[in-house]
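Step one of this worksheet: look at the structure below.
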Amino acid sequence: MPEKIPYLDLPAQIRPLRKAIDAAIARNLDACSFCLGPDVVQFEQDFAKFCGAEHCIAFNSGTSALHIALLLLRVGPGDEVITTPYTFVATSWAISYVNARPVYVDIDDATFNLDPKRIEKAITPRTKVILPVHLYGHPVELDPILAIAKQHNLAVVEDSAQAHGAKYRGKRVGTFGASACFSFYPGKNLGAAGEGGALVTNNPEFAKRARALREHGSSVRYFHDEVGFNYRMEGMQGAVLGVKLPHLNTWTAGRQRVAQRYAELLSDTPLQLPTQASWAESVWHLYVVRHPQRDGLKQHLEANGVGCALHYPLPLHLQTCYANLGYQTGAFPVSEKAARECLSLPIYPELTDAQLQRVAAVIKEFFAK
Ligand SMILES: *Cc1c(COP(=O)(O)O)cnc(C)c1O
């Protein structure tokens with residue numbers, strides 16, 4: 001049997017950087033700057049610059065950053081946050097953590113992202129925030145969302161956990177709303193050697209309060225202005241991210257090459273391929289194809305040593321943990337259909353053309369049967 005093609009190949013990413021990462025970790029160990037510290041401060045400055053944002057506050061996860069983003073906007077019990085049911089569950093956790101209510105709005109069939117045309121119908125006097133996700137690395141259509149938010153006096157928070165460096169109308173995501181949240185979970189486009197996240201914002205008051213909330217609600221040690229959290233990024237994660245960030249643009253170009261190659265290789269298959277909107281530059285966190293025989297194709301790929309995955313098999317409004325919200329099957333047909341048909345193929349910059357050709361050949365074999 002030919003060599004397996006893993007769905008994700010983190011060892012291939014680490015291998016060429018191993019010496020630099022070892023040295024960065026050793027420096028951090030020698031300095032004993034384990035919680036925040038100079039490596040994290042340097043990374044915050046570099047990542048803010050990367051996003052074109054004034055401030056970056058590093059967290060111990062993207063989920064923590066999202067939680068703080070809603071606290072900064074004083075979202076609380078009784079408030080509603082409009083968001084997508086077709087995302088990783090952490091987008092909704094932030095809303096639940098502040099005891100607000102997720103109000104789901106169905107997605108756009110072409111981009112899998114929150115559909116701006118459906119937002120206004122979901123606005124009530126309790127709505128405080130619109131929380132769109134740049135899913136799979138493809139930016140959401142921001143202009144209409146920002147216009148609706150302005151008209152109804154709502155804040156916008158970008159869940160950018162999958163979209164480091166993605167561009168909307170030529171500008172990187174992260175500074176379109178009140179704040180934006182990123183994840184550095186190892187499998188993300190920029191990943192730590194463990195957990196990590198960040199919030200970026202142009203608002204100095206938000207930055208100041210976010211720094212305090214992340215560190216037990218204190219800006220002066222042992223004086224606590226409000227109930228806070230231990231959401232600090234570890235120094236070693238800052239050190240590792242500092243080694244990796246300079247490679248991100250090259251990695252993104254590699255992902256874009258893979259996406260383009262898939263588009264060529266799979267054009268004559270029955271698969272529905274992902275597209276890029278005219279105003280979008282995707283960073284291709286995932287390459288998600290669609291077909292009604294998704295389950296059979298998944299089995300066939302796995303049986304032939306090609307890794308694949310589902311993002312996401314069950315929309316959030318149908319998850320057990322959110323049964324209390326009272327949504328029924330059929331509430332969001334576009335999301336529900338996407339959940340039945342989506343299949344994520346391997347996409348990372350290290351994939352060779354031979355590997356991509358093999359993925360395509362295995363897919364074609366399935367449809368030839
Ligand atoms: C990964 C992810 C998160 C959560 O980030 P963590 O760092 O894993 O806590 C939030 N939203 C989306 C869309 C994600 O993909």
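Assorted remarks:
- From the options Leu245, Leu286, residue that is at pLDDT 95 or above and under 20 Å from Phe50 (Cα atoms): Leu245
Here is a yes/no grid of residues against (1) aromatic (Phe, Trp, Tyr); (2) open to solvent by less than 50 Å² (accessible area, probe 1.4 Å):
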site	(1), (2)
Tyr231	yes, yes
Gln237	no, yes
Pro246	no, no
Val258	no, yes
Glu264	no, no
Asp268	no, no
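- Segments classed as strands (runs of 3 or more DSSP E), wholly inside region 39-109, with at least 3 members that are within 16 Å of the ligand (Cβ to nearest atom): 55-59, 80-83
- When Leu273, Leu199, Leu266 are checked against the criterion of being touching a strand residue (DSSP E or B) at 6+ places or on another chain (Cβ under 9 Å), outside the structural domain of Pro139 (by TED's automatic domain parsing), in contact (Cβ under 8 Å) with a residue 40 or more places away in the chain and hydrophobic (A, V, I, L, M, F, W, C), a single residue qualifies: Leu266.
- Residue pairs whose Cβ atoms lie under 9 Å apart, separated by 6 or more positions or on different chains, with the first residue in region 143-156 and of a type in the set (Val, Ile, Thr) and the second surrounded by fewer than 16 Cβ atoms within 10 Å (Cβ to Cβ), are Ile148/Glu120.
- Residue in region 308-317 that is part of a helix (DSSP H, G or I) and without any contact (Cβ under 8 Å) to a residue 24 or more places away in the chain present: no
- Of all residues making up region 178-197, the number that are within 15 Å of the ligand (Cβ to nearest atom) and more than 20 Å from Glu234 (Cα to Cα): 2
- Residue list for region 110-130, filter: under 16 Å from Gln151 (Cα atoms) and either within 16 Å of the ligand (Cβ to nearest atom) or surrounded by fewer than 17 Cβ atoms within 10 Å (Cβ to Cβ) (or both): Lys117, Arg118, Glu120, Lys121, Ala122, Thr124, Pro125, Arg126, Val129, Ile130
The values are calculated or read from the model by the stated rules, or taken from the named source; none is laboratory data. If you're wondering where the values come from, they're calculated on a predicted model, not measured in any experiment. Here Cβ is always computed from backbone atoms with ideal geometry, including for glycine, and neighbour counts include all displayed protein chains. The accessibility values were calculated without ligands, DNA or RNA, using every heavy atom of the protein model including side chains. Shrake-Rupley method; radii C 1.70, N 1.55, O 1.52, S 1.80 Å.
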